[in-house]
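Notes for the one structure printed next.
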Amino acid sequence: MNTTMKIFHRFLKITILTLAIFAILGISACNNQNIQIVVVDPSVEMEYGMFLDIRNCQDDTDLQLTLADELSIEKQLFVANQAKSLATGEFIPIPSPEKEMIEDYIEQTYQEIFNDAQETIEQTELIVPVGKIHMYNMNWKIQTYSSTISFKLDNSTYQAEYEYILKIPELAGMMEISCTG
């Protein structure tokens with residue numbers, strides 16, 4: 001299947017899912033009367049095979065860090081450059097001020113999810129005893145939230161696709177070795 005067909009199928013799935021959610025719930029997914037966002041469960045992928053070496057070869061006390069001291073959550077947001085009129089099906093470019101407002105709204109919508117992930121990595125302790133090296137096996141959990149956001153512009157309602165992605169470091173294992181000479 002070529003890239004264009006994959007994008008079309010993805011758009012079709014998102015549109016059908018959006019309509020189904022609104023039909024089932026019969027309510028808006030937000031409080032702002034000018035913006036409606038559909039929040040869906042993320043697709044989750046794992047990226048494996050990163051190593052993090054932390055050495056405590058010169059101190060005389062255990063080294064105490066958190067995962068957040070060493071790695072951070074990567075966050076990306078993509079909003080389509082065009083929006084579709086719900087009345088006519090016509091596509092228009094999203095003006096910069098509206099796009100910024102939409103991006104801010106999406107960021108606010110997912111802020112709690114980001115904060116929960118941040119709290120988890122801040123509470124993951126990495127303690128390296130004196131004279132030791134810890135080689136941590138790290139994975140990245142990639143959570144992708146692909147959905148739509150509707151907004152009003154010039155008395156018409158438009159819908160645009162967005163993708164909010166969190167790439168969260170996770171501890172998968174550890175090997176301890178002694179410092180040498």
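Just so you know, all these numbers are worked out from the coordinates, no wet-lab data involved. All values reported here derive from a predicted model rather than from experimental measurement. Positions of Cβ are backbone-derived with ideal geometry, glycine not excepted, and every protein chain shown enters the neighbour counts.
Which residues does the label zone of Thr61 cover in the range 116-136, counting backbone N under 17 Å from a point 7 Å along Cα→Cβ?
Those under the cut-off are 126-132.
Output wanted: per-residue J couplings in Hz (rounded whole) for the range 40-47, from phi through Karplus 6.51 cos²θ - 1.76 cosθ + 1.60, θ = phi - 60°, x for Gly and Pro.
Values per residue, Gly and Pro as x: 10, 5, x, 7, 10, 10, 10, 10 Hz.
Taking just the alpha carbons, could you work out the radius of gyration and Dmax for the range 41-117, both in angstroms?
When restricted to Cα atoms, the range 41-117 yields Rg and Dmax of 20.9, 71 Å.
Let's test the formula: R0 of 41 Å, r as the Cβ-Cβ distance of Leu52 and Gln108. What FRET efficiency results, to the nearest 0.05?
Calculated value: 0.85.
Distance in nm between label sites at Glu122 and Lys75, each 7 Å beyond Cα in the beta-carbon direction?
Calculated label separation equals 1.3 nm.
Hey, what do the phi angles of the range 79-92 turn into as Karplus ³J(HN,Hα) couplings, whole Hz, using 6.51/-1.76/1.60 and θ = phi - 60°, x for Gly and Pro?
Residue by residue, the range 79-92 yields 10, 4, 7, 10, 10, 9, 5, 6, 7, 10, x, 6, 9, 10 Hz.
Sum up the charges of everything whose Cβ sits under 9 Å from the Cβ of Leu126, counting Lys and Arg as +1 and Asp and Glu as -1, but leave Leu126 out.
Surrounding charge for Leu126 is -3.
For a quick size check, give me the Cα extents of the range 107-181 along its three principal axes, largest first, whole Å.
73, 17, 17
Bin width 10 Å, origin at 0, all Cα-Cα pairs of the range 22-181: what percent of pairs per bin?
Result returned by the calculation: 9, 30, 23, 16, 12, 7, 2, 0.
Given H placed 1.01 Å from N in the peptide plane, which residues other than close sequence neighbours of Thr157 have an amide H under 5 Å from its amide H?
Those lying under 5 Å, H to H, from Thr157 are Leu86, Ala87.
Amide H of Ala83 versus every other amide H placed in the peptide plane: which residues, excluding those fewer than 5 positions away on the same chain, fall under 5 Å?
The list, which skips near neighbours in sequence, is Ile92, Ile94.
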